[in-house]
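The values are calculated or read from the model by the stated rules, or taken from the named source; none is laboratory data. Source: prediction; values computed, not measured. Every residue, glycine as well, gets a Cβ built from its backbone with ideal geometry; the counts of neighbours run over all protein chains shown. Side chains included, ligands, DNA and RNA excluded: accessible areas come from the protein's heavy atoms. Shrake-Rupley method; radii C 1.70, N 1.55, O 1.52, S 1.80 Å.
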Amino acid sequence: MEYFLQQLINGLTLGSIYGLIAIGYTMVYGIIGMINFAHGDIFMVGAFIALISFIALLSAGLTFVPLALLIVLIISMSFTAMWGWTVERIAYRPLRASFRLAPLITAIGMSITLQNFVQTAQGARVKPLQPIISGGFEIMEHDGFIVNLSYMQILIILITVGLMIAFSLIISRTPLGRAQRACEQDRTMAELSGINVDRTISLTFVMGAALAAVAGVMYLLYYGVIDFYIGFIAGIKAFTAAVLGGIGSLPGAMLGGMIIGLIEVFWSAYFSIDYKDVAAFSMLVLVLIFMPSGLLGRPEVEKV
Amino acid sequence: MAVPGTELSTRLPGALKDAAIAAFIALALFVFLIGIRTVDAAGVFPLRARPWLLAVFVGAIFTGRLALNLFWWNGSETSGTLAKALAPVTGLAERSARWLAPALIAFAAFLPFMPFADRYVLDVSIMVLTYIMLGWGLNVVVGLAGLLDLGYVAFYAVGAYSYALIATHFGLSFWVSLPLAGLLAALWGIILGFPVLRLRGDYLAIVTLAFGEMIRIILINWYSLTNGPDGISRIPRPSFFGLQLTRNGEPSFHEYFGLTYSPLQRITYLFYIILALALLTNFVTKRLRNLPIGRAWEALREDEIACRSLGINTRNTKLTAFAIGAMFGGFAGSFFATRQGFISPESFTFIESAIILAIVVLGGMGSQIGVVVAAVVMIGGFELFRELEQFRMLMFGAAMVAIMIWRPRGLITAREPSVYLKEKKPVSADLVQEGHG
Amino acid sequence: MSAARDKTPILNVQHLTMQFGGLVAINDLSFTAGRTDITALIGPNGAGKTTVFNCITGFYKPTEGMIALTHDDGHRFLLERLDDHVIARSARVARTFQNIRLFGGMTVLENLMVAQHNTLMHASRFTFAGLLGLSGFKKAEKEAVERATHWLDKIQLVERADDPAADLPYGAQRRLEIARAMCMNPLLLCLDEPAAGLNPKESDQLNQLLLDIRDEEQIAILLIEHDMSVVMGISDHIAVLDYGRKISYGTPEFVRSDPHVIAAYLGVEDEEVA
């Protein structure tokens, strides 16, 4: 029971990170209907920017952790957002009216480019960061097994929930959110009604990248090491989460992220750590076969 | 260069402003990732500032953007200039397809006897041919049937491991193991294809990607069968009618023909094997395209619902496309295993799938000669930058983006009809659908 | 001529009901279609006509009811139990679509060849004989091209056989879709608004084409159409649908004067109906 509880906490933490990345996939897919393959690498770029700014702040003598964390979050979100914007501008916008496979290939090309750019610019080795936030609560003890809820985990889950609420409000309440939903429904019509479609799409990428940056910061803090390759696997899993939750749905992305995180953690804990990714992907296949539009997605009616 | 009314001097302020904005964006992008380097050695301050490198990059962006503004984009036309400039070249390639193919085959057939054909040239050629073969195999699935498969490497891996296991455990020769490995890969194509073929579009893409990763993870972890990350070594080399192409082989090729031993003999032999395999792939896929099954694949790509209304069993049609694509992937995998003599899961990552897909899409979906051109450009080009070890994957990714933006429909865009009444007229790519699943 | 035609129904639809969630698209609909008749389904937009087609051709599985199709030899197919491609292949039901579904990137001739897929597939011995280039397949392919040419001739498109289908003008695309369906050699041809978007001259040509198909091929045609000149001009029977229910059924003369029909059209299209 205690072991189960501990794994539940770990799974929700990991799921939060996947969920935040998944939102970027789901928003972009919702609005322009493409898999932004480079999104996982945007997350990785966010983690690197966070790493560098953390070390810079610490070495500049800023040791008050909450302030440092806040500054790092702001830096990482804004600069990663810039990367998200640039990727869309260079690789996707010229192909907006083109056929479906072309942006997919440029997305894969961008993913390769970003990975290798970071590898050449920062080196291929894993980059460690000293533990910044340590300690936590012991919420339960039984037969010598202690269930821990670390401050780090609380922070991750709180930030995720907070951002989730904030973004849901943006989508449902603001003019930007309305424009996004309009573009999702019918881009031509949205354009005719005076919505700046290019700007809306750009902002979608910016928002997705900023969330990925937050996920990058949390990944960095939680695991303490990053390398240029973390984006690929996390990206696939986050996309899996987005599809699982029902692509285009924000709560779905979060839910999917949680499920993938939990499956991964529980599978590792109870079965075999080697096959945790196989378990997550099998889940994806099963869901898609039996619920093709995901858990919270709108069912796609086949028009004849 | 300058269009009337848009003299350099009048365009200069705007160009400068645009270049300055680009430079500013570049500064923002690069300030952390290039401007500061994390030092690998553990130290007190594991960061090193690189202001000069940052300045070089930002300066390069500024100059490049300024030059583009002034000399390339003449005010109005922002894109398509390059495409127009190169249109004669690609147009020539399209028109010359009739004699280009035989010329290329002839060139390939005599390549090992060319004076410049040293071991390196042959090695690269073998690699290019392997990718051409994989491209042709995947073309059936993606180009003809319009099914987006991001996990093609799975079948390449199944072929390679099947061959390696059959050859090392049962001692069967290359020529027996090869078809077995191909059949096993086709079987896997059907097994993996069966559950997922109801899925549409990007869902199919992501599930095939997941299958590709799953197979790799299983190869890494199923130690008792695959030897895990250590891979399988000492995979037997192919023999020439029972003659071994090794120094101490018994009976050996060079002794039988009274030649002195040279490793080049084996490389040349491998070259001809892959050439034959690739040509077989080409022959079969071209033939299939003109048969009812091939037409059904293409019809499926155009409109699945119409296919069903015409009595076509779309599930079986998709499965055959998957199985045939997988089979050729399996053949290529067997060849890869016998050429390397050693395989490990490292060789079957997603990047391989991406490269093969890029070859198909860059070549122009469904075009056989396009795959050849794309494979030569991508794989050959990749080899040219061998010296720049660090940068070549970076260049590779950037080239993928650039070529796709330049020609979103690929290099060879026109579709050739499978049957004609009076005259064979190519179908413009703008009319051809890219498929929904 | 019409007296000689076989009047036993080929298609018998009984108590057909189709629900999408809470929405009842077809409600307890029963009608029959004569073996060599043209039967029209008319009704206001949203009356469920296309849904009836989708149930007959297997694209939708009806919630309730029976759709029986009887071949000349007495073999009976229960269409509600069969998959769409089986209905097309074995029960020999062909159809066209409201929003034309041609294979736009393939040539006109290729479109007609795809329609003969199952015959050719059989002749190619499921690809193996075809791959080896055996003569049996060559012959079958030649016959398929001949059949396609025959239909191209009927729709006056022989000259454009090697052009991409998407390049054809709208009216020609409509005719090509009918020809493609006919290349399947069907017993029941379901046409979903074949006259939509046609000019009066093309409509007349279409009337003639459909009458020709009925009389020469001796097959049944089921027709959804808004163009009353087509419906009244060529139909043997008309079923009128409104909100998924059959409100009238009979000869064009009967339906034309049925007060239910006039009420259903709310006077908007009175002149056209009456």
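Below are the figures for this structure:
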read-out	value
20 Å Cα-Cα reach of C:Lys246 towards lysines, excluding residues that sit fewer than 8 places from it in its own chain	C:Lys49, C:Lys61
Portion, in percent, of the accessible area of the protein assembly as shown that falls on carbon or sulfur, probe 1.4 Å	64
Selected from C:Asn111, C:Asn45, C:Asn12 as most flexible by GNM, with chain C as the system and alpha-carbon contacts under 10 Å	C:Asn45
Label-point separation, A:Arg89 to A:Ile71 (7 Å along Cα→Cβ), nm	2.7
Gyration tensor verdict on the protein assembly as shown (Cα atoms; rounded if a/c is under 1.5, prolate if a/b is larger than b/c, oblate otherwise)	prolate
Peptide B:348-358, shielding by other chains (average Cβ, 10 Å cutoff)	3
Highest-first arrangement of A:131-142, A:101-112, where packing means the average Cβ count within 10 Å	A:101-112, A:131-142
GNM result for chain B, Cα springs below 10 Å: residue of B:Val360, B:Val284, B:Val140 fluctuating most strongly	B:Val284
Square roots of 5 times each gyration tensor eigenvalue, C-alpha, chain A, largest first, Å	31, 24, 18
FRET E, pair B:Phe110, C:Glu64, Förster distance 60 Å, beta-carbon r, rounded to 0.05	0.25
Gyration tensor verdict on the stretch B:373-437 (Cα atoms; rounded if a/c is under 1.5, prolate if a/b is larger than b/c, oblate otherwise)	prolate
Of B:Lys422/C:Lys142; B:Lys425/C:Lys138; B:Lys318/C:Lys139; B:Lys422/C:Lys201, those spanning more than 18 Å from alpha-carbon to alpha-carbon	B:Lys425/C:Lys138; B:Lys318/C:Lys139; B:Lys422/C:Lys201
C:Arg81/A:Arg199 FRET efficiency (R0 56 Å; Cβ-Cβ; nearest 0.05)	0.60
J(HN,Hα) series, the stretch B:195-211, from Karplus relation 6.51 cos²θ - 1.76 cosθ + 1.60, nearest Hz, glycine and proline x	x, 9, 6, 6, 6, 10, x, 5, 5, 4, 4, 6, 6, 5, 4, 4, 4
Whole-angstrom gap from the stretch A:245-284 to the stretch A:116-188, using each part's C-alpha centre	16
Global size of chain C as Cα Rg and Dmax, reported in angstrom	19.1, 65
Residue of B:Arg386, B:Arg407, B:Arg295 that the Gaussian network model of chain B assigns the largest fluctuation, springs spanning Cα pairs under 10 Å	B:Arg386
Between B and A, accessible area buried - total, square angstrom, nearest 100, 1.4 angstrom probe	5900
Additional length obtainable on full extension of the chain from B:Trp72 to B:Trp99, 0.36 nm per residue less Cα span	6.2 nm
Extension gain, A:Leu62 back to A:Phe137 (0.36 nm per residue minus Cα-Cα distance, nm)	24.4 nm
Backbone N under 14 Å from the B:Tyr272 label point (7 Å along Cα→Cβ), restricted to the stretch B:238-253	B:238-245, B:253
Spin-label pair B:Ala49/A:Leu158, simplified geometry with 7 Å Cα→Cβ offset, distance in nm	3.5
Placed amide H near C:Ile221: partners under 5 Å, 5+ positions off or other chain	C:Asp37, C:Ile38, C:Thr39, C:Leu189
Two-site FRET efficiency, A:Tyr151 against B:Val56, from Cβ-Cβ distance with R₀ of 41 Å, rounded to 0.05	0.45
Prolate/oblate/rounded label for the stretch C:181-252 (Cα gyration tensor, a/c 1.5)	oblate
Between the stretch B:98-167 and the stretch C:149-187, the Cα center-to-center distance that results, in Å	40
The protein assembly as shown - accessible surface per residue (Å², probe 1.4 Å)	41
Threshold 50 Å², the stretch C:79-122 residues less accessible with all protein chains present than alone (1.4 Å probe)	C:His85, C:Arg101, C:Phe103, C:Gly105, C:Met106, C:Glu110, C:Val114, C:His117
Relative packing of B:361-374, A:283-296, C:216-229, C:61-74, which averages over residues the other C-beta atoms within 10 Å, highest first	B:361-374, C:216-229, A:283-296, C:61-74
Label point distance in nm, B:Asp118-B:Asn316, each placed 7 Å from Cα along Cα→Cβ	5.6
Student exercise, the stretch A:2-232 dipole from Lys, Arg, Asp, Glu Cβ charges, in Debye to nearest 20	860
Volume per residue of the C-alpha convex hull in the stretch C:98-185, rounded to whole Å³	93
Only Lys, Arg (+1) and Asp, Glu (-1) charged, at Cβ; the protein assembly as shown dipole about Cα centre in debye	2060
